[in-house]
Amino acid sequence: MSEFTIAQAARFQGQQVTLRGWLYNLRESGKLLFPQFRDGTGIMQAVVSKADVSSEVWERATTLTQESSVIAHGTVRADKRAPGGYELVLNDLTVVQRVPTDQPYPISPKEHGVDFLMSQRHLWMRSAKQSALLRLRHEVIAAIRDFFDSNGFILTDAPILTPAACEGTTTLFELDYFDLGPAYLTQSGQLYIEATAAALGKVYCFGPTFRAEKSKTRRHLTEFWMVEPELSFATLDDLMKLGEDLVTHIVARVLERRRPELETLERDTSKLENVRPPFHRLSYDDALKLLHQKGSQLPWGEDLSGADETFISQQFDKPVIVHRYPAKAKAFYMEPDPERPELALCMDMLAPDGYGEIIGGSQRIDSYDLLLKRLRENNLPEDAFQWYLDLRRYGSVPHGGFGLGVERTVAWIAGISHIRETIPFPRMIYRIYP
Ligand code: 4AD
Ligand code: MG
């Protein structure tokens, strides 16, 4: 028999088990105590009856303080009233470390402000909702890896220290790189995996990326995780289909394996059940029409703002893919639409319920001459991009890919308002501690 965990309590019904964990909460009712323990996989209520345990054990249990670490022994009993459906009938208890009464755990069950909680992030993550979010994040990441690994993609991670920008020069974190001058933290692994895609066909990279975002929004971190697939011989249609399949797979996997977490987060899962292909596809021009109908003045040619995305994604009950944005609003590397060269062959996927962009991607310019022209128009350093131009000198093919932001995806699936709670230690313009 495997080791007992709270998440697997049902499998241990009627058995004597050892629970290693921490005290989450303690309720007293006469000669009965109801400590709630957590072990990282979930929270479980125990019952201690004064009549059934030794006086030492009773004494230890009554004086337990929040977040004291313990080893508890007892039998697992089904009880409909207990949260999770099972409780532990306790018969022995060892305290590993007792949190002293004169220095109590700083986060009590009462309401605290977010700023205080963020300063206590190293402890806050123990709470039911926060730990559920981190387990959900784990599941999303595992689902992403499984999806690519089982569909013929080779993982080729990109460097984090880079000599040039990928997504515009305004959000670069710069540092001194020995005698070689400035270097930057990567904004995206894309340019590098265009090279690995030409070597290996279908590839992906998955790692932290950095943006010196000056914006204080609920969707922006300065350090976030992005998964980026890149495919040789791919068109925009292929990319939209791939994004749709990926997101469908992630949501299905979370629904399959993380019901208790979604419940803790009070997520309305009927909305997630709806996430099945096909997703709505909307051209930028049609998106603009929608916005103009509700009174927006956004001129043709400008990128959608966060508020615009919110509005558009509120119109749909599942993710919507907006494609063919004006080229001038987007990155230098995007392939123009041959039928209307003022448009880029690109797409953003917006999550429903106002969550906005979770995926951004495009077909890449495959012509050497056009790419060189764009580098010059954007004042990008040609020297630093010679290797990138090589990809158009030697066996260039139509190719493309996209990036999916992990934190925004988790925030949407979890149904929480701010992405700062979806990563263990968020980095934002106004926060670097802890
Ligand atoms: O749309 P973005 O900027 O696209 C790229 O970086 C492309 N080079 C990707 C590619 O084609 N390989 O970013 C992709 C995704 C966004 O849709 C969003 O989910 C996330 O990355 N993202 C952020 N997440 C959190 N905080 C930020 N500051 C983010 N910026 C982008
Ligand atoms: Mg984008």
query = Given 0.36 nm per residue, what is the gain on full extension from Glu273 to Arg257 after removing their alpha carbon distance, in nm?
reply = 4.4 nm
ask   = Which of the trypsin sites (Lys or Arg not before Pro) found in the stretch 15-82 are loop residues per DSSP with 11 or fewer other Cβ atoms within 10 Å of their Cβ?
value = Lys31, Lys80, Arg81
request  = Take the chain, connect every pair of alpha-carbon atoms lying under 10 Å apart with a spring to form a Gaussian network, then pick out the residue of Phe153, Phe402, Phe12 with the largest mean-square fluctuation.
outcome  = Phe12
message = Can you tell me the mean projection area, over all orientations, of the convex hull of the chain's alpha carbons? Units nm², please.
response = 25.3 nm²
note = The answer for the chain, accessible area per residue at 1.4 Å probe in Å², is 47 Å²
query = Roughly speaking, what is the centre-to-centre gap between the stretch 149-218 and the stretch 365-412 when only Cα atoms are used, to the nearest Å?
reply = 11 Å
remark   = A correct Kirkwood calculation over the Cα atoms of the stretch 212-309 returns a hydrodynamic radius in Å of 17.0 Å
Long-range HN-HN contacts of Glu167 with modeled amide H, under 5 Å = Gln187
remark   = Going residue by residue through the stretch 365-379, the Karplus relation 6.51 cos²θ - 1.76 cosθ + 1.60 with θ = phi - 60° gives ³J(HN,Hα) values, rounded to whole Hz and with x marking Gly or Pro, of 4, 9, 8, 4, 4, 5, 4, 4, 4, 5, 4, 5, 4, 8, 6
task = Measure off 7 Å from each Cα along the Cα-to-Cβ vector at Leu180 and Arg98, then give the distance between these two points in nanometres to one decimal.
result = 5.8 nm
In the stretch 266-334, the GluC sites (Glu not before Pro) that fall in loop regions by DSSP, at most 15 other Cβ within 10 Å = Glu266, Glu302
request  = Multiply the residue gap between Lys289 and Asp52 by 0.36 nm, knock off their C-alpha separation, and tell me the result in nm, one decimal place.
outcome  = 78.2 nm
query = Which one of Leu185, Leu134, Leu33 has the biggest mean-square fluctuation once the chain is modelled by GNM with Cα springs under 10 Å?
reply = Leu33
request  = Could you order peptides 404-412, 220-228 by the average number of other Cβ atoms within 10 Å of their residues, highest first?
outcome  = 404-412, 220-228
ask   = Which of the GluC sites (Glu not before Pro) found in the stretch 351-397 are in a DSSP loop and have at most 16 neighbouring Cβ atoms, other than their own, within 10 Å?
value = Glu382
key: Bins of 10 Å, starting at 0 and running to the largest distance - Cα pair percent for the stretch 370-434   = 16, 26, 17, 30, 10
remark   = Counting only protein heavy atoms with a 1.4 Å probe and every protein chain in place, the carbon and sulfur fraction of the accessible surface of the stretch 122-422 in whole percent equals 51 percent
query = From the phi of every residue in the stretch 263-277, what ³J(HN,Hα) in whole Hz does the Karplus formula 6.51 cos²θ - 1.76 cosθ + 1.60 yield, where θ is phi - 60° and glycine or proline is x?
reply = 5, 4, 7, 6, 7, 6, 6, 4, 5, 6, 4, 6, 7, 9, x
Size-normalised alpha-carbon gyration radius of the stretch 26-149, reference 2.2 N^0.38 Å = 1.25
remark   = Listed residues Tyr105, Tyr284, Tyr192; largest mean-square fluctuation, Gaussian network over the chain with Cα springs below 10 Å, found at Tyr105
request  = Mind checking the full-extension length gain between Thr65 and Arg427? Use 0.36 nm per residue of separation minus the Cα-Cα distance, one decimal, nm.
outcome  = 127.2 nm
key: Rounded, prolate or oblate (a/c below 1.5 giving rounded, otherwise prolate when a/b exceeds b/c) for the stretch 152-200 by Cα gyration tensor   = prolate
ask   = Check Glu223: other-chain or 5+ apart residues with amide H under 5 Å from its amide H, H built from backbone geometry?
value = Arg211, Arg427
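The values are calculated or read from the model by the stated rules, or taken from the named source; none is laboratory data. What you are looking at is a predicted structure, and each value in this text was computed from that prediction instead of being measured. Note: ideal-geometry Cβ built from the backbone for every residue, glycine included; neighbour counts use all protein chains shown. All accessible areas refer to the heavy atoms of the entire protein, side chains included, with ligands and DNA or RNA removed. Shrake-Rupley method; radii C 1.70, N 1.55, O 1.52, S 1.80 Å.
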